[in-house]
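Working notes, structure below.
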Amino acid sequence: MNVLPYTPESYQLMHDGAITLARVESNGIRIDTEYLRKTARRLTRRIDHLSQKIQESEVVQTWKTKFKGRFNLNSLDQLGAVLFEEMGFESDQRTATGKHKTDEDSLSRINHPFIQDYLKIKTLNKTLNTYVLGIRREVVNGLIHPFFNLHLVTTFRSSSDSPNFQNIPVRDPIIGKLIRQAFIPRSGHRLVEADFSGIEVSVAACYHKDPRMMEYLEDKTKDMHRDMAMQCYMLPLEELTPTKGDKEDTKRCKNIRYCGKNAFVFPEFYGSYYPDRARELWNYISSMDLKKRDGTSLLVHLREQGIRELGDLDPTQKPRRGTMELHIQQVEKDFWEKRFPIYDAWKKKWVKAYIQDGFMRMLTGFICQGYLKRNEIINYAVQGSAFHCLLWSLIRLQRKLDKHRMKALIIGQIHDSIVSDVPDEELNDFLELSREVMVDDLKDAWDWIITPINIEAEVTPVDGNWFQKAEMTIG
DNA sequence: GCCCACCGCGCG
DNA sequence: AAAGCGCGCGGTGGGC
């Protein structure tokens, strides 16, 4: 049986959302085109220089001999053939269609000086082509006008294109700085980014209502990501509690916590399982240089705890003793059976109901149907409703800005955050309005939100740029 | 010259 | 029993 994919209230949200986002698109985002021009030149020079350098490498020599006139440094197919068929490097990693994988993870296992330079060139090319040139191409009268679509995504989230404003680099500080310096406020303004903290975790909790998760969300002294990082890396709490005023140590703790969050907690929520978790947690130790306060690598620390190697990661074999694989298998079991059994039970119940009914209804009234995999059934409801919290807030914020005849402009949206271009003199009012809408009004409007909602705001200096955003506490 | 599948990678 | 969710974009390589 087919069901209308929306209820009247969810239809209204899409309708109001489309109208408000049209205004956001029309406002546009100011771009420093002169900076982009210079950056393009600099990047091009660096790429040329590095490309020159690797010409001497035996890999390129072999490559040219094999492919002659067809030689193309950007061809990953050719690179795979050179490395794995010609030069005899081992790889058991294959793509869905059976080709050798040539992503960063696979390539970095190859011990050859060429690889580092090649990966560097790849990153610089991506930065230049997708971001510097891609953004500059879209500038009209000093502004870009990214589209924010509401009709494309299966989960009823939004997407953005031309250019995509939802994937601007930020995780790599060097690349993030390079690109974000091009995003600037209008004269006398600041850029303000207001985002929900952990909205997907909160929304998920509104579905499953696991009491242990509720404790984590309600008690600000508790920290799930930190706790899981402790358990995964077998560290005492003390090792994850930064020494006050010590910036270096704060960063060390932050990095370990980051790995707990992004290599264990979120992937587990999305449906990953222990072999992949063990591998990523293990790789992060070297790539992020994770260490204890006294400077010993977590690899050494784990060895002292009896974990000497990663393991075979073969799902048909039982993990061996003394491996990270076995340890993380146990952490995973504890995670779902002991820590969050109610969450676990909800997942099973939710999937069973979907298979029985043929559709699911989100807390925001949107309806998903069709042939979905287990992980999709679990994740769609959470991802969609989390975004609807943002969309509802964006609509409401625009109404309040209009009502108060403010000059602040909403210029973009990134799934759980709102980006605005705000005159300096309106800053305090704007931040207060944002808090009012995203925290108070939202909870008043939707009584299914049974968890605390928190937001953070990051603000740039007047006439600064997006890279200079810094956190501002607004409750 | 255009279209498409695939791969890889940027973000939440 | 299965085993990471959602996007957009750039490049290659093949087909028309």
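The values are calculated or read from the model by the stated rules, or taken from the named source; none is laboratory data. Fair warning: this is a prediction, and the values are worked out from it, not measured in the lab. Glycine gets a Cβ as well: all are built from the backbone with ideal geometry, and neighbour counts include every protein chain shown.
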* To do: Output the number of the condition that A:Glu104 fails; it satisfies all remaining conditions of (1) buried (at least 16 other Cβ atoms within 10 Å of the Cβ); (2) within 14 Å of DNA strand B (Cβ to nearest atom); (3) not hydroxyl-bearing (Ser, Thr, Tyr).
  => (1)
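Within region A:391-475, which strands (runs of 3 or more DSSP E) (wholly inside it) include 1 or more residues that are over 28 Å from A:Asp32 (Cα atoms)?
Working: elements: A:409-413, A:417-423, A:455-459, A:470-472.
Passing ranges, in order: A:455-459.
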* To do: Please find, among A:Arg180, A:Arg171, A:Arg190, the residue that is in contact with a Leu (Cβ under 9 Å, 6 or more places away or on another chain) and farther than 30 Å from A:Ala81 by Cβ.
  => A:Arg190
* Could you tell me which numbered condition A:Ala96 fails, if it satisfies all but one of (1) at pLDDT 95 or above; (2) within 13 Å of DNA strand C (Cβ to nearest atom); (3) outside any helix (DSSP H, G or I)? => (1)
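Out of curiosity, is A:Ile328 in a helix (DSSP H, G or I) and not aromatic (Phe, Trp, Tyr)? Full working, then the answer.
Values: in a helix (DSSP H, G or I): yes; not aromatic (Phe, Trp, Tyr): yes.
Taking the combined requirement at face value, the residue satisfies it.
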* Lone unmet requirement of (1) away from DNA strand C (no atom under 16 Å from the Cβ); (2) crowded, with 20+ Cβ neighbours inside 10 Å; (3) closer than 30 Å to A:His208 by Cβ for A:Gln413 -> (1)
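Only one residue in A:Val153, A:Val170 is within 16 Å of DNA strand B (Cβ to nearest atom), in the same structural domain as A:Asp429 (by TED's automatic domain parsing), farther than 30 Å from A:Thr33 by Cα and not in a strand (DSSP E or B). Which one?
Details: A:Val170 fails: farther than 30 Å from A:Thr33 by Cα.
Step by step, each of A:Val153, A:Val170 is checked, and only A:Val153 is within 16 Å of DNA strand B (Cβ to nearest atom), in the same structural domain as A:Asp429 (by TED's automatic domain parsing), farther than 30 Å from A:Thr33 by Cα and not in a strand (DSSP E or B).
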* To do: Tell me which residues, restricted to region A:77-92, are surrounded by fewer than 16 Cβ atoms within 10 Å (Cβ to Cβ) and near DNA strand C (Cβ under 9 Å from one of its atoms).
  => A:Asp77
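Please specify each residue of region A:141-176 satisfying the condition of being over 30 Å from A:Tyr380 (Cα atoms), in contact (Cβ under 8 Å) with a residue 60 or more places away in the chain and away from DNA strand C (no atom under 12 Å from the Cβ). Before you say what the answer is, go through the steps one by one.
Going residue by residue through region A:141-176, those that are over 30 Å from A:Tyr380 (Cα atoms) are A:141-144, A:173-175.
Add one more test, that the residue is in contact (Cβ under 8 Å) with a residue 60 or more places away in the chain, and what stays is A:142-144.
A:Gly142, A:Leu143 - these are the residues of region A:141-176 that are over 30 Å from A:Tyr380 (Cα atoms), in contact (Cβ under 8 Å) with a residue 60 or more places away in the chain and away from DNA strand C (no atom under 12 Å from the Cβ).
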* To do: Give the residue that is farthest from A:Phe89 (Cα to Cα), with candidates limited to residues of region A:122-137 that are away from DNA strand B (no atom under 11 Å from the Cβ) and crowded, with 19+ Cβ neighbours inside 10 Å.
  => A:Ile135
* Asked: If you go through region A:19-45 one residue at a time, how many are loosely packed, with under 15 Cβ neighbours inside 10 Å and either of a type outside the set (S, T, N, Q) or not in a helix (DSSP H, G or I) (or both)?
  -> 9
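Please work out which residue is nearest to the chain's Cα centre (by Cα), limiting yourself to region A:64-101 and to residues that are among the charged types (D, E, K, R) and under 19 Å from A:Tyr118 (Cα atoms).
Step one: of region A:64-101, the residues among the charged types (D, E, K, R) are A:64, A:66, A:68, A:70, A:77, A:85-86, A:90, A:92, A:94, A:99, A:101.
Remaining after also requiring under 19 Å from A:Tyr118 (Cα atoms): A:64, A:66, A:70, A:77, A:85-86, A:90, A:101.
Details: A:Lys64: 38, A:Lys66: 39, A:Arg70: 37, A:Asp77: 28, A:Glu85: 35, A:Glu86: 37, A:Glu90: 31, A:Lys101: 23 Å.
Residue satisfying both the conditions and the ranking: A:Lys101.
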